[in-house]
Amino acid sequence: MIDTSRIKEHMPVVGSDGGHVGTIDHLDGQRIKLTKTDPEAGGHHHFIHVDSIAGIEDGQVRLNRTKAEAKDEWATA
């Protein structure tokens with residue numbers, strides 16, 4: 001179980017392959033809301049479910065899926 005209290009604003013989110021997925025805006029229930037100003041965001045907020053988090057280390061959130069898989073799954077609402 002991930003300690004979501006360790007998730008902080010502006011932390012980078014990376015895929016299991018090390019690819020940059022986005023930047024944390026804030027935790028929204030059981031989802032991470034990513035900033036819309038991140039270059040990967042295309043001007044939209046995106047959401048990733050906390051079940052996608054493998055761990056929080058070195059000041060970043062690491063997912064249990066690759067960057068491409070995370071972007072395929074992320075929601076915009």
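Placing a pseudo-label 7 Å from each Cα along the Cα-to-Cβ vector at R6 and H20 gives an inter-label distance of 2.3 nm. Once C-alpha pairs closer than 8 Å and six or more residues apart are averaged by separation and normalised to the residue number of the chain, the relative contact order reads 32 percent.
Taking the Cα atoms of the range 1-71, the ratio Rg/Rh between the radius of gyration and the Kirkwood radius comes to 0.91.
Between T66 and H49, the modelled labels are 2.1 nm apart [label points 7 Å from Cα along Cα→Cβ]. Counting only protein heavy atoms and a probe of 1.4 Å, the accessible surface of the chain is 47% carbon and sulfur.
Summed over the residues of the chain and divided among them, the accessible surface reaches 56 Å² per residue at a probe radius of 1.4 Å.
The values are calculated or read from the model by the stated rules, or taken from the named source; none is laboratory data. These numbers come from a predicted model, not from an experiment. Positions of Cβ are backbone-derived with ideal geometry, glycine not excepted, and every protein chain shown enters the neighbour counts. The protein model used for the area step is the full one, side chains on, heavy atoms only, and it has no ligands, DNA or RNA in it. Shrake-Rupley method; radii C 1.70, N 1.55, O 1.52, S 1.80 Å.
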